[in-house]
Amino acid sequence: MIFPDNIGEYLTIDETSLSQGELYTIITNKSAKGRKGSLVAIIKGVDSERIRSILRRKISYEQRRAVKEVTLDMAASMEQIVRKTFTKATLVTDRFHVQKLAYDAVQQMRIAYRWEAIEQENQEMELSKEVGEKFVPHRLENGDSPKQLLARSRYLLFKRKEKWTPSQIHRAEILFRLYPKLEQAYQLAQDLGYIYQSTKHKNIALTRLARWYDQVEQSGFKSFNTVSRTIQQHYQTILNFFERRSTNASAESFNAKIKAFRSQFRGVRNISFFLYRLSKIYA
């Protein structure tokens with residue numbers, strides 16, 4: 001479903017699932033702000049060659065050239081679609097997808113420590129059985145066992161320190177005392193977010209990202225080295241964010257509306273009719 005008249009200068013592109021994991025590529029117009037006129041295209045699948053061919057066939061060359069900017073995630077297929085279809089547009093990698101990589105790296109370390117804590121507790125239980133004693137799990141000063149501490153620290157590691165509750169502050173103090181590398185990883189993720197929040201100019205952002213790369217390299221954390229390499233592969237489109245501070249939030253919001261619409265009708269039984277409904281509301 002293509003609606004060329006809805007094209008604007010600033011677009012977003014993303015993928016979403018309508019039913020049973022079937023993915024659709026959706027292009028929306030930011031200026032419509034999620035209301036009527038938002039939907040530019042919804043195409044089944046994520047194959048870049050096929051989608052590119054459909055867009056080039058259904059949307060005129062003049063309309064495609066008029067697009068100035070497209071925000072997207074770091075999927076290579078999406079980047080190929082935009083580069084070959086909207087040839088004059090600036091590509092902007094969504095900041096939240098970049099930050100999520102860093103948060104995921106922190107969570108990966110937390111989960112690894114949790115598995116170690118679970119294994120340690122299992123060994124202590126087996127030893128207690130062998131000597132015929134009742135197993136009493138080790139309790140920290142806030143009442144958590146080590147594995148509970150790591151499990152219950154998940155959400156505080158996503159938040160800035162000033163947003164922690166008193167109980168989260170206490171838990172974080174114990175967590176970082178026992179696992180200092182986890183505190184270092186948490187700080188790396190927060191530093192990346194601070195670059196996005198406080199930097200207004202592209203050249204300054206490039207300098208600060210370079211310093212952040214150095215910190216990651218010095219840390220020696222494998223998961224963060226992967227994050228750093230991924231950012232380096234997309235650094236040009238990441239730096240474009242600092243020109244207009246554009247994000248893919250409108251695309252994520254549009255996806256949320258589709259999911260809410262889908263849940264309202266308790267799933268999608270007839271995809272064609274569901275798409276027809278979407279077109280009547282948003283196109």
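The values are calculated or read from the model by the stated rules, or taken from the named source; none is laboratory data. Everything numeric here is computed off the predicted structure, so don't read it as measured data. Every residue, glycine among them, receives a Cβ derived from its backbone with ideal geometry; neighbour counts consider all protein chains shown. Just so you know, the surface numbers come from the protein's heavy atoms only, side chains and all, with ligands and any DNA or RNA stripped out. Shrake-Rupley method; radii C 1.70, N 1.55, O 1.52, S 1.80 Å.
Scanning the range 109-123 for residues that are open to solvent by 70 Å² or more (accessible area, probe 1.4 Å) and not β-branched (Val, Ile, Thr), which turns out nearest to Phe158 (Cα to Cα)?
Applying the filter and picking the extreme gives Arg114.
Being touching a residue at least 12 places away in the same chain (Cβ under 8 Å) and either out of contact with any Cys (no Cβ under 8 Å at 6 or more places or on another chain) or among the small types (Gly, Ala, Ser) (or both) is true for just one of Val106, Val131. Which residue is that? Spell out the reasoning first.
Working: Val131 fails: touching a residue at least 12 places away in the same chain (Cβ under 8 Å).
Just a single option satisfies the conditions, and that option is Val106.
Yes or no: Ala205 surrounded by 12 or more Cβ atoms within 10 Å (Cβ to Cβ) and closer than 17 Å to Phe242 by Cα?
On the way: surrounded by 12 or more Cβ atoms within 10 Å (Cβ to Cβ): yes; closer than 17 Å to Phe242 by Cα: yes.
For Ala205, the condition - surrounded by 12 or more Cβ atoms within 10 Å (Cβ to Cβ) and closer than 17 Å to Phe242 by Cα - is met.
Can you tell me which of (1) among the polar types (S, T, N, Q); (2) in contact (Cβ under 8 Å) with a residue 40 or more places away in the chain; (3) closer than 30 Å to Leu192 by Cβ is the one Ser60 doesn't meet?
(3)
Look at the range 1-47 and say how many of its residues are farther than 25 Å from Val268 by Cα, in contact with a helix residue (DSSP H, G or I) (Cβ under 6 Å, 6 or more places away or on another chain) and not aliphatic (A, V, I, L, M).
So the count comes out to 4.
Output yes when any residue across the range 177-195 is over 23 Å from the mean Cα position of the chain (by Cα) and either closer than 30 Å to Glu243 by Cβ or among the β-branched types (Val, Ile, Thr) (or both), and no when none is.
No, every residue in the range 177-195 fails to be over 23 Å from the mean Cα position of the chain (by Cα) and either closer than 30 Å to Glu243 by Cβ or among the β-branched types (Val, Ile, Thr) (or both).
If we keep just the residues of the range 60-79 that are touching a strand residue (DSSP E or B) at 6+ places or on another chain (Cβ under 9 Å) and assigned to a loop (DSSP other than H, G, I, E, B), which is surrounded by the fewest Cβ atoms within 10 Å (Cβ to Cβ)? Working first, answer last.
We begin by selecting, within the range 60-79, every residue touching a strand residue (DSSP E or B) at 6+ places or on another chain (Cβ under 9 Å); these are 67-75, 77-79.
When the remaining residues are screened for being assigned to a loop (DSSP other than H, G, I, E, B), the result is 67-68, 73-75.
Numbers: Val67: 23, Lys68: 14, Asp73: 20, Met74: 18, Ala75: 16.
Per the criteria, the residue is Lys68.
Determine, yes or no, whether Leu127 is in a helix (DSSP H, G or I), closer than 19 Å to Gln108 by Cα and of a type outside the set (Lys, Arg).
Details: in a helix (DSSP H, G or I): yes; closer than 19 Å to Gln108 by Cα: no; of a type outside the set (Lys, Arg): yes.
Here the answer is no, as Leu127 does not meet what is asked.
Within the range 168-201, which residues are open to solvent by less than 70 Å² (accessible area, probe 1.4 Å) and either touching a Gly at 6+ places or on another chain (Cβ under 6 Å) or not aliphatic (A, V, I, L, M) (or both)?
Across the range 168-201, the qualifying residues are Gln168, Arg171, Phe176, Tyr179, Tyr186, Gln190, Asp191, Gly193, Tyr196, Ser198, Thr199.
Run down Gly193, Gly132, Gly143 and say which single residue is closer than 30 Å to Ala205 by Cα and modelled with pLDDT under 95.
Exactly one residue qualifies, and that residue is Gly193.
Within the range 1-18, how many residues are among the polar types (S, T, N, Q), closer than 18 Å to Ile281 by Cβ and open to solvent by 10 Å² or more (accessible area, probe 1.4 Å)? It would help to see each step written out before you state the result.
We begin by selecting, within the range 1-18, every residue among the polar types (S, T, N, Q); these are 6, 12, 16-17.
Going one step further and asking which of them are closer than 18 Å to Ile281 by Cβ, we end up with 6, 12, 16.
Going one step further and asking which of them are open to solvent by 10 Å² or more (accessible area, probe 1.4 Å), we end up with 6.
Summing the residues that are among the polar types (S, T, N, Q), closer than 18 Å to Ile281 by Cβ and open to solvent by 10 Å² or more (accessible area, probe 1.4 Å) in the range 1-18 gives 1.
Of all residues in the range 19-42, how many are in contact with a Ser or Thr (Cβ under 8 Å, 6 or more places away or on another chain) and buried (at least 20 other Cβ atoms within 10 Å of the Cβ)?
Residues meeting the conditions: 11.
Could you list, in sequence order, all residues of the range 13-38 that are more than 15 Å from Val67 (Cα to Cα) and outside any loop (DSSP other than H, G, I, E, B)?
Step one: of the range 13-38, the residues more than 15 Å from Val67 (Cα to Cα) are 14-26, 33-37.
Once the filter is applied, which keeps residues that are more than 15 Å from Val67 (Cα to Cα) and outside any loop (DSSP other than H, G, I, E, B), the range 13-38 yields Asp14, Glu15, Thr16, Ser17, Leu18, Ser19, Glu22, Leu23, Tyr24, Thr25, Ile26.
How many residues are assigned to a helix (DSSP H, G or I) and either aromatic (Phe, Trp, Tyr) or open to solvent by less than 30 Å² (accessible area, probe 1.4 Å) (or both) when one looks only at the range 80-108? Give the steps one after another, and end with the answer.
Residues of the range 80-108 that are assigned to a helix (DSSP H, G or I), as a first pass: 80-85, 95-108.
When the remaining residues are screened for being either aromatic (Phe, Trp, Tyr) or open to solvent by less than 30 Å² (accessible area, probe 1.4 Å) (or both), the result is 81-82, 85, 96, 98-99, 102-103, 105-107.
Final tally of qualifying residues: 11.
Those residues that are at positive phi, more than 20 Å from the chain's Cα centre (by Cα) and not polar (S, T, N, Q), I need them from the range 2-33; list them, please.
At the first step, the residues of the range 2-33 found to be at positive phi are 20-21, 33.
Still in the list and also more than 20 Å from the chain's Cα centre (by Cα): 20, 33.
The one that is at positive phi, more than 20 Å from the chain's Cα centre (by Cα) and not polar (S, T, N, Q): Lys33.
The rows are residues; the columns are (1) surrounded by fewer than 17 Cβ atoms within 10 Å (Cβ to Cβ); (2) at pLDDT 85 or above.
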site	(1), (2)
Thr230	yes, yes
Thr237	no, yes
Arg244	yes, yes
Ala251	no, no
Ile258	no, no
Arg262	no, no
Asn270	yes, no
Lys280	yes, yes
